[in-house]
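**Student:** Take this structure, written in structure tokens, and hold onto it; I'll ask about it next.
Readers should treat all values here as calculations from the given coordinates under stated rules, not as data from a laboratory. None of these values were measured; they are calculated from a predicted model. Heads up, the Cβs are rebuilt from the backbone with ideal geometry, glycines too, and the neighbour counts pull from every protein chain shown.
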Amino acid sequence: MKSWLQKKWNNGKMLAELKPAFFLSLTFCFMIFIYAPLELYINNVDEFWYDVYLLFPFIIKDFFLFLLFSIVGFLVVYLFGNVAYKIVLYCYFTGTVACYIQGNYMVKNLPPLDGTDVNWSLYQSQFVKSTIVWVIIAIVCLILFIVLKYDRIKKAVSYISVFLLLILVSTITVLSINNNIFEKKEYARFTKVDQFEMSTDTNFIIFLLDAVDEECFWQVWQEHPEYEDAMNDFTFYNNAMSGYAYTEHSLPLILSGEWFENKEPFIDYRNRIFKSSPFFNYLREQGYTLSNYDDEYKFEKGVMDGAFNNITYTKSSLWDRSLFNTRIIKMVGMKYAPYVLKPYCWFNVSMLKNQEMSSKDEELFSWRNDDFYKDVQEDDITYVDGKRFKLIHLMGAHVPFYFDKDVNVIDDADYYTSIESSMTVTMSYLNKLREAGVYDNSVIVILSDHGYNIEGEAVKVAQKNENETGRQHPILFVKGLNESHDLQVSGAPISYEDLVEAYYKLMDGAASDDCFAYKEGDQRERRYLLYKYLGEDHMVEYVQTGYAGDESTLVPTGRVFDAK
């Protein structure tokens, strides 16, 4: 045994033989476990709740662990024989080059990680392209390993590995310097404070059910006659038009009437609207205390101080370190793995969230239908003299689909059962206000931020449509102060840019069917700024010349708004 090891060592020849394996292992492990997680973090820094200090221990541990495993693996294979070593070196080298190309040059048209279940059959062309590229790389590398002499192969593998490593190190260094990633994160979040505190004077409630499409909603409505009685005193505007396809831009428009056209950084626009929009300033002047119940939006420390009475700052603690680590690696796999393996890497990125705790141990608001429904059933209304404004943003019918009509979490939930659960929660909340005697003195606006493009299997498996034009038709219910009548339905051509003016009129005592300037039968063109998911830097302007849900009358104007 000793003589065999001495023979393998051969005065240091083994080290020279293993040098390409070392450089190759170093490059691959750095790319997958250091570069990739950091690059993903830097390019999406505002999307993640965690800061880089939480990430570092995981990526450093993974890097050294897998580097050691890789080097030991090469050593074991080398001791078995030259042929086995060359085969493994070829496979490892091929995989490293292919992963580098896949993760850096073939990253367009990746499926979303926003909770939308992926219909992988729609990505067949990407499967084919990825497979072809990996096969071509394998063939080219095989030819090189066959044609070149062994000494040249070792040098080529070493030089190419070091070259790729230098590119990766320099790139991540520049990205880290140019983006202030070393700042510790502390976000303002919204708690349940005063969630059911209601004014005996006047309340203004915006009850937002995410992603409820009017046409799908109406199908559900017709199967539930109990909904009509529950929505007495409201006017249902069934021809309302949202301004954007997604919550991020829709909600500020709902609260301000001000369009975002990529003329400034979105975060500046968003912060300005939530902090000091004319509507919010007016509410404060009128003596309203403002509360915002939402767990989708987060704001940097200090930005929202004084804006809402239920803000706190969160600190992060991991509830499952190994699960967090696994999901970080899976997220890397979604970018660097061949397409044939991506289905095994996909996960709902919202599940990456931590357990957030406020500095005052106040319970954070949860937008899930079942969480709010439980609170409605268990918590009591409390009364105050001052006026109250509440923005309550619930999951509604947003993906992923969890709920049945009774707001139970079930395995076979779909878009329609999610709508039913939204109505169950809504009716329960309205009944709670009625029973507490604070319903009549409340302006209540129940709406969705945008519609939902329901096509094919999207009933069960949410799948985004490339054109996104099926999301412009939300629901909109309005009730003014002291209204008492049967449910009214209006086909007035309402745009969400009209909402703030309607809010003012409602606070002045206008009835729900008289708060908009437009009436049923009026003709108008309504604006819609369309962008693809994660493509908000390029907005295309459309106008709706007909009914809100009619895509044939939704036409582009030719104007675009690109971020500078």
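**Student:** Quote the FRET efficiency, to the nearest 0.05, computed for Asn309 versus Val45 with a Förster distance R0 of 30 Å and r equal to the Cβ-Cβ distance. Please list the in-between numbers first.
**Tutor:** Numbers: r = 29 Å, r/R0 = 0.97.
About 0.55, to the nearest 0.05.
**Student:** What fraction of the Cα pairs in segment 134-257, stated in percent, has a spacing above 23 angstrom?
**Tutor:** Details: 5280 of 7626 pairs.
Taking all Cα-Cα pairs of segment 134-257, the fraction more than 23 Å apart is 69 percent.
**Student:** Given H placed 1.01 Å from N in the peptide plane, which residues other than close sequence neighbours of Ser495 have an amide H under 5 Å from its amide H?
**Tutor:** Met241
**Student:** I need the calculated FRET efficiency for the pair Asp201 and Tyr504, taking r as the beta carbon distance and R₀ as 22 Å, to the nearest 0.05. Don't skip to the answer; put the middle values down first.
**Tutor:** On the way: r = 18 Å, r/R0 = 0.80.
E(calc), rounded to 0.05, equals 0.80.
**Student:** Now for a separate question. So, R0 is 45 Å and r is the distance between the beta-carbons of Val128 and Glu226; what FRET efficiency does that work out to, to 0.05? Before the final figure, lay out the partial values.
**Tutor:** On the way: r = 50 Å, r/R0 = 1.12.
Using R0 = 45 Å, I get an efficiency of 0.35.
**Student:** Hull surface divided by four, with the convex hull built on the Cα atoms of segment 2-178: how many nm²? Don't skip to the answer; put the middle values down first.
**Tutor:** On the way: hull surface 51.4 nm².
Across all orientations, segment 2-178 yields a mean hull projection of 12.9 nm².
**Student:** Too long at a 18 Å Cα-Cα cut-off: which of Lys184/Lys275; Lys19/Lys330; Lys129/Lys342? Could the numbers behind the result be given before it?
**Tutor:** Numbers: Lys184/Lys275 23 Å; Lys19/Lys330 30 Å; Lys129/Lys342 14 Å.
Going by Cα-Cα distance, Lys184/Lys275; Lys19/Lys330 fall outside the 18 Å limit.
**Student:** Please list the non-local residues whose amide H lies under 5 Å from the amide H of Arg559, H modeled 1.01 Å from N, same-chain partners needing a gap of 5 or more.
**Tutor:** Here Glu541 satisfy the definition.
**Student:** Can you give me the long-range amide H partners of Asp213? Hydrogens built in the peptide plane at 1.01 Å from N, cutoff under 5 Å, separation of 5 or more residues or another chain.
**Tutor:** Tyr452
**Student:** In nanometres, what is the gap between the two model label sites at Ala138 and Arg152, each 7 Å from Cα along Cα-to-Cβ?
**Tutor:** Those two pseudo-labels are separated by 2.5 nm.
**Student:** Here's a follow-up. Just to be sure I understand the model, the point goes 7 Å from the Cα along the line to the Cβ. What's the resulting Leu364 to Asp440 distance in nm?
**Tutor:** Simple spin-label model gives 4.1 nm for this pair.
**Student:** Give me Rg over Rh for the chain, both radii from the alpha carbons and Rh done the Kirkwood way, two decimal places.
**Tutor:** Values: Rg = 28.4 Å, Rh = 26.7 Å.
My calculation puts Rg/Rh at 1.07.
**Student:** Got the relative contact order for the chain handy, in percent, Cα pairs under 8 Å and 6 or more residues apart? Let's see the in-between values first.
**Tutor:** Values: 955 pairs, mean separation 124.7, N = 564.
Once divided by the residue count of the chain, the mean separation gives 22 percent.
**Student:** Length gain on complete extension for the stretch Asn281 to Val543, per 0.36 nm per residue less the alpha carbon to alpha carbon distance?
**Tutor:** Numbers: separation 262, 0.36 × 262 = 94.32 nm, distance 3.05 nm.
Taking Asn281 through Val543 to full extension adds about 91.3 nm, to one decimal.
**Student:** Taking the Cα centre of the chain as origin, work out the dipole magnitude from +1 charges on Lys and Arg Cβ and -1 charges on Asp and Glu Cβ, in debye rounded to 20.
**Tutor:** Numbers: 52 positive and 76 negative charges, 1093 e Å.
My answer is approximately 5260 debye.
**Student:** At 20 Å minimum axial length over the Cα atoms and a Kyte-Doolittle cut of 1.6, report the qualifying DSSP H helices in the chain, or say none. Mind showing how you got there, number by number?
**Tutor:** On the way: long enough: 13-30 (26 Å, 1.11); 52-80 (41 Å, 2.29); 82-105 (34 Å, 0.57); 124-147 (34 Å, 2.14); 150-178 (42 Å, 1.26); 321-336 (23 Å, 0.01); 415-436 (32 Å, -0.28).
Length and hydropathy pass: 52-80, 124-147.
**Student:** Under the Kirkwood approximation applied to all pairs of distinct alpha-carbon atoms, what is the hydrodynamic radius of segment 518-559 in Å? Walk me through the numbers before you get to the answer.
**Tutor:** Values: mean 1/r = 0.0887 Å⁻¹.
Computed over segment 518-559, the radius equals 11.3 Å.
**Student:** Could you work out how far apart the two model spin labels at Lys108 and Val169 are, taking each label as a point 7 Å from the Cα in the direction of the beta carbon, and quote it in nm?
**Tutor:** Result for the modelled spin labels: 3.3 nm.
**Student:** Please get the size of the charge dipole for segment 2-178, origin at its Cα centre, with Cβ charges of +1 on Lys and Arg and -1 on Asp and Glu, quoted in debye to the nearest 20.
**Tutor:** Working: 13 positive and 9 negative charges, 281 e Å.
Value, rounded to 20: 1340 debye.
**Student:** For segment 190-258 and segment 413-450, compute the distance between their C-alpha centroids and round to whole Å.
**Tutor:** What the calculation gives is 8 Å, centre to centre.
**Student:** Still on this structure, please answer the following. Using θ = phi - 60° and the Karplus relation 6.51 cos²θ - 1.76 cosθ + 1.60, list the HN-Hα couplings for segment 180-189 in order, rounded to whole Hz, with x at every Gly or Pro.
**Tutor:** 6, 8, 9, 7, 5, 8, 8, 10, 7, 10
**Student:** Using Cβ counts within 10 Å as a stand-in for footprinting exposure, how do Leu24, Leu208 rank, fewest first? Please report the intermediate quantities before stating the final value.
**Tutor:** Details: Leu24 26, Leu208 23.
Arranged by neighbour count, lowest to highest, Leu24, Leu208 become Leu208, Leu24.
**Student:** So how do Trp49, Trp259 line up by other beta-carbon neighbours within 10 Å, fewest first?
**Tutor:** Numbers: Trp49 15, Trp259 19.
Arranged by neighbour count, lowest to highest, Trp49, Trp259 become Trp49, Trp259.
**Student:** Now for a separate question. Treat the count of other C-beta atoms within 10 Å as a stand-in for reagent exposure and order Ile42, Ile177, Ile446, Ile254 from fewest to most.
**Tutor:** The order, fewest Cβ neighbours first, is Ile177, Ile42, Ile446, Ile254.
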